[in-house]
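Asks: First, the structure itself, so that you have it in front of you.
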Amino acid sequence: MQDLKLQQLNYKIKRIKRNKAIGKILFYGVMLIIATAVLIKIDSVEIAQTDTLNTLMDVELKIDDLSEENMLVEEVLQSEEKTLPMDSYEPAGAYLGEYTITYYCGCKKCCGKTDGITKLGTTATAGRTVGADWNVIAPTTKIYIEGIGERVVEDTGEGIQGNHIDVFVEDHATALKLGRATRKVYEVE
């Protein structure tokens, strides 16, 4: 009986992984269409944008469906008293609170300039640099952002106020894809 349940669970997990892969392929395909439309300056960009938005909404619905399937799989795992390994990172520093997390790159749209130099004077680096309100988190403070990792406050900007952290990423497409989230933030000792 348990073997049958495990086989069913394995099938569901494979299906979820396949659907996630399909969702990613659709998303990147849509992003490629958008980039192509911009580069060749198509006159009918409005029509393409509408189609693209509809496609993105369809992809988002599929991702929502995958989330529901993930919850069902988790329920099955819990009923079988099995657990998946979880991230057990416990920051040693002080809890700073919940912050709105956004993403930016070194482009003119994100920064108003393209030199890649932070307000602190360092070169913005993906995997290290974040912008924060320096009245809330001092420059050079090392922080841990839940689900993202350790970063250093090296930048700030007009749009970064209060409990808001802007995470530097490699390119604009990545910044747009990652969007906005709320995460717990800790100061790293």
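The values are calculated or read from the model by the stated rules, or taken from the named source; none is laboratory data. For clarity, every value in this text was computed on a predicted model and none was experimentally measured. Glycine also receives a Cβ, built like all others from the backbone with ideal geometry; neighbour counts cover every protein chain displayed.
Asks: Kindly check whether there is at least one residue in region 178-187 that is closer than 11 Å to ILE101 by Cα, small (Gly, Ala, Ser) and outside any strand (DSSP E or B). Walk me through it before giving the result.
Replies: Residues of region 178-187 that are closer than 11 Å to ILE101 by Cα, as a first pass: 178-185.
If we keep only those that are small (Gly, Ala, Ser) as well, we get 179, 181.
Keeping just the survivors that are outside any strand (DSSP E or B) gives 179.
Within region 178-187, one or more residues are closer than 11 Å to ILE101 by Cα, small (Gly, Ala, Ser) and outside any strand (DSSP E or B).
Asks: Residues to consider are VAL130, VAL76, VAL153; find the one that is more than 30 Å from GLY29 (Cβ to Cβ), modelled with pLDDT under 70 and not in a loop (DSSP other than H, G, I, E, B). Break it down into steps so the answer makes sense when it comes.
Replies: On the way: VAL130 fails: modelled with pLDDT under 70; VAL153 fails: modelled with pLDDT under 70.
Selected residue: VAL76, the only one of VAL130, VAL76, VAL153 that is more than 30 Å from GLY29 (Cβ to Cβ), modelled with pLDDT under 70 and not in a loop (DSSP other than H, G, I, E, B).
Asks: Among the residues of region 100-124, which ones are closer than 18 Å to ILE137 by Cα and touching a Lys or Arg at 6+ places or on another chain (Cβ under 6 Å)?
Replies: Selection gives ILE101, THR102.
Asks: Additional query: Right, ILE143: surrounded by 12 or more Cβ atoms within 10 Å (Cβ to Cβ) and in contact with an Asp or Glu (Cβ under 7 Å, 6 or more places away or on another chain) or not?
Replies: Details: surrounded by 12 or more Cβ atoms within 10 Å (Cβ to Cβ): yes; in contact with an Asp or Glu (Cβ under 7 Å, 6 or more places away or on another chain): yes.
Answer is yes for this residue.
Asks: Among the residues of region 173-189 satisfying the criterion of being within 15 Å of the chain's Cα centre (by Cα) and among the charged types (D, E, K, R), which is surrounded by the fewest Cβ atoms within 10 Å (Cβ to Cβ)? Even if it seems obvious, please write down each step before you answer.
Replies: Residues of region 173-189 within 15 Å of the chain's Cα centre (by Cα): 173-184.
Keeping just the survivors that are among the charged types (D, E, K, R) gives 177, 180, 183-184.
Numbers: LYS177: 13, ARG180: 9, ARG183: 15, LYS184: 14.
Residue satisfying both the conditions and the ranking: ARG180.
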